[in-house]
Each structure stands twice: as C-alpha cells, then as structure tokens.
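Trainee: Below: one structure in structure tokens.
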Amino acid sequence: MLAKRIIPCLDVDNGRVVKGKKFQNIQDVADPVELAKRYNNEGADELVFYDITASNEQRGIFLDVVEKVAKEIAIPFMVGGGIRTTKDIHQVLRSGADKVSINSAAVQRPDLIFESAQKFGSQCTVLSIDAKEVASGKWNVFINGGRKDTGMDAIEWAKKGEAYGVGEIVVNAMDADGEKNGYNLPLTTAIATAVNIPVIASGGAGNIEHFSEVLSQGIDAALAASVFHYGEIKIPALKTSLNEQEIPVRRNTK
Amino acid sequence: MIAIIDYGAGNIKSLQFALDKLNKRSIVTTDVAEIKQADSIILPGVGAFKDAMEAIRQLHLDTVLQEEAQKGKPILGICLGMQLFYEQSLENGDWEGLGLLKGSITRISSEVKVPHMGWNTLDIQQASPLFESKLENPYVYFVHSYAVSSYEESTLLASSQYGQLIPAIVQKGNITGMQFHPEKSGEFGIELLKRYEEMIV
C-alpha cells in the first residue's frame, strides 16, 4: 500500500538551515547536512531544501550543500527556491536532487513547468503554490516570497499546473505558516480534489494530530519544518501514532 | 568497474554515491569502449521513453547494450532504464525499446493518482538471492507514470500494488530491472544493491 509521506523542510540561507515565521524573522537553526542525515536516519520519507538566498555567489554554496546532502542520504529530496530556468533545474538535478519545486517563475512563465516536465519528466517537476485566503473560501496565489498577490485563483492554478505536466503540488498555506495551529484543510483538500496528482500539505503543523488530520483527508504527504528542527515532534513517534490511527506510513525502514 | 550510462537528464549522482558506500567503483559514461570494458552496466533513467531511446540511439548505445546483453554481461535497469529493456512503450505514442525483455509499457490506470509517487510495499513473487528468505513487505521508493503491463511471468521477482499489479523487480538471466529507485529506498534499497552486486560477481 502506498504510504503517506512525512517530509521535513529545510530552509537554507548562505549554507545554513534557518527558520522564519510567515516568511520573516529568519533564525539560524543548524547545519543542513547534519540535519538531513538525522532525518534520513529517523525515517523521514523525503526531504525538501529551499534556497532562500538570492545572490549568485550564495547559489553556488547552495548547490554545494545539495551535493553534500545527496551523498549522505538514501531518500529522495526536493530542491526549491530561486529556480527560474531549465538550466537552474538541470543544475540542481545534476547536483543530486531528485525533484525541483518551482514557484514564482512558473507563475511568471508557465511554459517553464511544461518545458521541465518534457525535458526532465513530470516526476521531478513540482509546482509549489503559496496561497492565502483573500475572501471566504477563496485563495489567491502569491509570489516573491509571499509579498505579491497575483490575483490568480490557487485551485485553478493547481489544475493548470497538472495540465502543464507537473507531477506533484506543494500547497503552502501562508495564513497557517508558522502558527502551529494545523494545516489549512479547506485549501489543501480543495486542491487535492481538483487534481489527480499527489499533493503535499505545507504550513501550520504544530502537533501530531495536525498530521493525522491532513493525511486522513486524501492528502499524500505532510511537510513541516520547525516542529522537527526543534525536536517538538520526533519522526519515529509521529509514525507510530499515525500507524495506530491506521494511516499507512513507512515504518520498517530497514 | 560498473558503467553507469549517462544519456542526459536526471539524478545519477545519488546512484554513484550509493555504489561508493558499497565500495563499488563506477564511472558515468557514454563511451562505447568504457562500456564494453566494464564488468557490469547500470542503465538509470528518468524522463520520457521516446527521448531516452532517441538519446541512446544517437550515441549508438542501443546496439552496444544489445551486444553486451547477448554476451551475458550483467545489466541493471532502474526506473525508466528498466522500461527501456522491453520491446514496446505506449508512452505518448508507440515506441520501440531495446527488446532485451519481452513485453510492453503502458500508462498506470487513471483510477489512482498518477504518477505513482512515494513509498510502496514490495510483494515478493519468487525467492531470489536478492532477498532474505523471511523478508516482510519492505517499502521502496517509486516515481513513475508508466509501468510494465505485459511480461513473461517467469521474470517477475517482486511486484507492488497500485491500481494494478506493478512489476517492481524483474530478472531474466543477466538482465535485471527495478522499477523503483533502490538508491533512494533507504537502508533496504542499499542492501538490495549490495545483494545485487554480490549476485553478479
């Protein structure tokens, strides 16, 4: 049976893992390679690395981190942040990443996700959507680190992404991010219902129940950062609990 | 020396790192002489069947692979690499593969989410030196939208269930295919690669 995935997310700035709240107040947390190894050993099903830096020089450091992480882990990992061209995609894949998540650049030029799916395959082309509620039950797509409202409807954008060939969608609920009050279920389930590709919930995880809530509603994977980084939730305990609730998770990792 | 065939896109580094962990020397190559000299060959692969076959033909590696297979050299295909072993794929058209194994590739049933992405359990179909005898359904990591749908029964070592039976490990003589990514399947995947390497020595 296909397992639901637990995915720690590492925001990497200038070679270090950092954590911000609602995309602000960035704090230094850990060494990305050490943290990746720890999550790999604890039974994480996948890892996400977001490059939150912008300059070319730091991008080089980031690719170096990607390669070091690839060397140390035996689970898939996704890289996102600042991906603008098929050359960027090629670079991160060649550095050892398995998937690339594309956000703002896909909004600005949807052909990028089409080209990526054609050239590198749907399996490694992931659409990341930053969404925020603008009216009751209506979510818009935001770009540029959540600063700019595109006016586009998030559910429509997810459907378009699927039509363009992306293999997976990450739904970042901006209202929920960093609040630890649970994932945004209405938004995430609305998107999961609208598409026939895997959906990853992101933003808002604070306790184990938040994971079981979202994973029992047709969502394929749950992503979280600080609850894992600060050890508030341990992955083995989380998986034991999900298993007891009859949510299929990978446990026998050996 | 293991020749990992590099015909374009995709993450080959993880496979190399996994082999490094097993102290297996590998080179990433498209050079005919190097491939012929290698003790074994790995054909990795992600992306589209048609593009991969075109790239392989352009590099004249189709005949090299067929000849080396004929000579009995161990060849492991991973993910799309395994699918390329078959005679035919119906991925966005109708394409001819390497024909090392009998059978064909079709799209996974749309009754389930496609791609089949994530960790799924293996059902062992035949005893093999690749598995411990008492192995309980281990999880391995899949990412694919197409799957082997016709094949010789005798070649099926392990399968997975996802809307249909998904051939996960197939083997016929020196030809072995893994639909999932052993290099991304945690400790079990690394162990599987280790057992495979021991098996072919």
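Trainee: Taking the residues in the range A:184-201 that are β-branched (Val, Ile, Thr) and away from chain B (no Cβ under 13 Å) as candidates, determine which candidate is most open to solvent (accessible area, probe 1.4 Å).
Mentor: Top of the filtered list is A:THR189.
Trainee: Among residues belonging to the range A:233-251 that are without any contact (Cβ under 8 Å) to a residue 12 or more places away in the chain and surrounded by 13 or more Cβ atoms within 10 Å (Cβ to Cβ), point out the one that is nearest to the other protein chains (Cβ to nearest Cβ).
Mentor: Ranking the candidates gives A:ASN243 first.
Trainee: Restricting the search to the range A:149-167, which residues are in a loop (DSSP other than H, G, I, E, B) and hydroxyl-bearing (Ser, Thr, Tyr)?
Mentor: Within the range A:149-167, no residue meets the criteria.
Trainee: Sticking with this structure for a sec: Within the range A:106-126, which residues are within 14 Å of chain B (Cβ to nearest Cβ), in contact with a strand residue (DSSP E or B) (Cβ under 8 Å, 6 or more places away or on another chain) and either open to solvent by 10 Å² or more (accessible area, probe 1.4 Å) or closer than 12 Å to A:ILE155 by Cα (or both)?
Mentor: Within the range A:106-126, A:ALA117, A:GLN123 meet the criteria.
Trainee: Of everything in the range A:195-251, what is under 14 Å from A:TYR39 (Cα atoms) and assigned to a helix (DSSP H, G or I)? Give them in sequence order.
Mentor: Correct list: A:SER226, A:VAL227, A:PHE228, A:HIS229, A:ILE235, A:PRO236, A:ALA237, A:LEU238, A:LYS239.
Trainee: For the range A:92-105, what are the residues that are of a type outside the set (Val, Ile, Thr), open to solvent by less than 10 Å² (accessible area, probe 1.4 Å) and within 10 Å of another protein chain (Cβ to nearest Cβ)?
Mentor: Answer for the range A:92-105, where residues must be of a type outside the set (Val, Ile, Thr), open to solvent by less than 10 Å² (accessible area, probe 1.4 Å) and within 10 Å of another protein chain (Cβ to nearest Cβ): A:LEU93, A:GLY96, A:ALA97, A:LYS99.
Trainee: Among residues belonging to the range A:127-170 that are out of contact with any Ser or Thr (no Cβ under 7 Å at 6 or more places or on another chain) and of a type in the set (Phe, Trp, Tyr), point out the one that is nearest to the other protein chains (Cβ to nearest Cβ).
Mentor: Filtering the range A:127-170 down to residues out of contact with any Ser or Thr (no Cβ under 7 Å at 6 or more places or on another chain) leaves A:127, A:129-139, A:145-164, A:168-169.
Subsequent filtering for residues that are of a type in the set (Phe, Trp, Tyr) retains A:139, A:157, A:164.
Working: A:TRP139: 21, A:TRP157: 18, A:TYR164: 14 Å.
Ranking the candidates gives A:TYR164 first.
Trainee: Oh, and also: I'd like to know if the range B:30-49 contains one or more residues that are open to solvent by 30 Å² or more (accessible area, probe 1.4 Å), in a helix (DSSP H, G or I), without any contact (Cβ under 8 Å) to a residue 12 or more places away in the chain and not acidic (Asp, Glu).
Mentor: yes
Trainee: While we're looking at this one, here's another question. Is there any pair linking a residue in the range B:125-148 that is touching a residue at least 12 places away in the same chain (Cβ under 8 Å) to one that is open to solvent by 80 Å² or more (accessible area, probe 1.4 Å), with Cβ under 6 Å and at least six apart or on different chains, and which?
Mentor: Close Cβ pairs (under 6 Å, with a partner that is open to solvent by 80 Å² or more (accessible area, probe 1.4 Å)) amount to B:TYR146/B:ARG107.
Trainee: Kindly provide the set of residues from the range B:185-201 that are away from chain A (no Cβ under 14 Å) and of a type in the set (A, V, I, L, M, F, W, C), ordered by number.
Mentor: If the condition is that a residue be away from chain A (no Cβ under 14 Å) and of a type in the set (A, V, I, L, M, F, W, C), then B:MET199, B:ILE200, B:VAL201 are the ones that fit.
Trainee: Report whether or not A:ILE200 is in contact (Cβ under 8 Å) with a residue 60 or more places away in the chain, touching a helix residue (DSSP H, G or I) at 6+ places or on another chain (Cβ under 8 Å) and closer than 19 Å to A:ILE102 by Cβ.
Mentor: no
Trainee: Same structure again: Take the range A:3-38 and flag every residue that is part of a strand (DSSP E or B), modelled with pLDDT of 95 or more and touching a Phe, Trp or Tyr at 6+ places or on another chain (Cβ under 6 Å).
Mentor: If the condition is that a residue be part of a strand (DSSP E or B), modelled with pLDDT of 95 or more and touching a Phe, Trp or Tyr at 6+ places or on another chain (Cβ under 6 Å), then A:PRO8 is the only one that fits.
Trainee: Here is a further query. Being part of a loop (DSSP other than H, G, I, E, B), more than 9 Å from chain B (Cβ to nearest Cβ) and open to solvent by less than 40 Å² (accessible area, probe 1.4 Å), is that true of even one residue in the range A:83-91?
Mentor: Yes, the range A:83-91 has at least one match.
Trainee: In addition: What's the number of the only condition in (1) closer than 21 Å to B:GLN164 by Cα; (2) open to solvent by less than 40 Å² (accessible area, probe 1.4 Å); (3) assigned to a loop (DSSP other than H, G, I, E, B); (4) away from every other protein chain (no Cβ under 12 Å) that B:VAL112 fails to meet?
Mentor: Status for B:VAL112: all satisfied but (4).
Trainee: Which ones in the range B:162-171 are more than 10 Å from chain A (Cβ to nearest Cβ) and of a type in the set (Gly, Ala, Ser)? Lay out the reasoning, then the answer.
Mentor: Within the range B:162-171, the subset more than 10 Å from chain A (Cβ to nearest Cβ) is B:164-171.
B:ALA168 - this is the single residue of the range B:162-171 that is more than 10 Å from chain A (Cβ to nearest Cβ) and of a type in the set (Gly, Ala, Ser).
Trainee: On to the next question. Given the options A:ALA190, A:ALA163, name the one that is among the aliphatic types (A, V, I, L, M) and over 24 Å from A:GLU213 (Cβ atoms).
Mentor: Every option except A:ALA163 fails the conditions.
Trainee: Where residues in the range B:1-27 are surrounded by fewer than 17 Cβ atoms within 10 Å (Cβ to Cβ) and not in a loop (DSSP other than H, G, I, E, B), which of them is farthest from the other protein chains (Cβ to nearest Cβ)?
Mentor: Looking at residues that are surrounded by fewer than 17 Cβ atoms within 10 Å (Cβ to Cβ) and not in a loop (DSSP other than H, G, I, E, B), I get B:ILE27.
To keep it simple, each residue is scored yes or no on (1) open to solvent by less than 30 Å² (accessible area, probe 1.4 Å); (2) more than 14 Å from every other protein chain (Cβ to nearest Cβ); (3) touching a residue at least 60 places away in the same chain (Cβ under 8 Å); (4) within 17 Å of the chain's Cα centre (by Cα).
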site	(1), (2), (3), (4)
B:TRP95	no, yes, no, no
B:ILE105	yes, yes, no, yes
B:SER160	yes, no, no, yes
B:GLY173	no, yes, yes, yes
B:GLU183	yes, no, yes, yes
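Trainee: A further question on this structure: A:GLU179: open to solvent by 20 Å² or more (accessible area, probe 1.4 Å), assigned to a loop (DSSP other than H, G, I, E, B) and within 18 Å of A:TYR39 (Cβ to Cβ), yes or no?
Mentor: no
Trainee: Across the range B:130-158, what is the number of residues that are open to solvent by less than 20 Å² (accessible area, probe 1.4 Å), at the interface with another protein chain (Cβ under 9 Å from one of its Cβ atoms) and either in contact with a Ser or Thr (Cβ under 6 Å, 6 or more places away or on another chain) or modelled with pLDDT of 95 or more (or both)? Talk me through it step by step, then tell me what you get.
Mentor: Residues of the range B:130-158 that are open to solvent by less than 20 Å² (accessible area, probe 1.4 Å), as a first pass: B:130-131, B:138, B:140-144, B:147-148, B:155-158.
Then keep just the ones that are at the interface with another protein chain (Cβ under 9 Å from one of its Cβ atoms); that gives B:138, B:141-144.
Now restrict to residues that are either in contact with a Ser or Thr (Cβ under 6 Å, 6 or more places away or on another chain) or modelled with pLDDT of 95 or more (or both): B:141-142.
Total satisfying the criteria: 2.
The values are calculated or read from the model by the stated rules, or taken from the named source; none is laboratory data. Nothing here was measured: the structure is a model prediction, and the numbers come from that model. Cβ sites come from the backbone with ideal geometry, for glycine too, and all protein chains shown count toward neighbours. We work out accessible area using only protein heavy atoms, side chains counted, and drop any ligands, DNA or RNA first. Shrake-Rupley method; radii C 1.70, N 1.55, O 1.52, S 1.80 Å.
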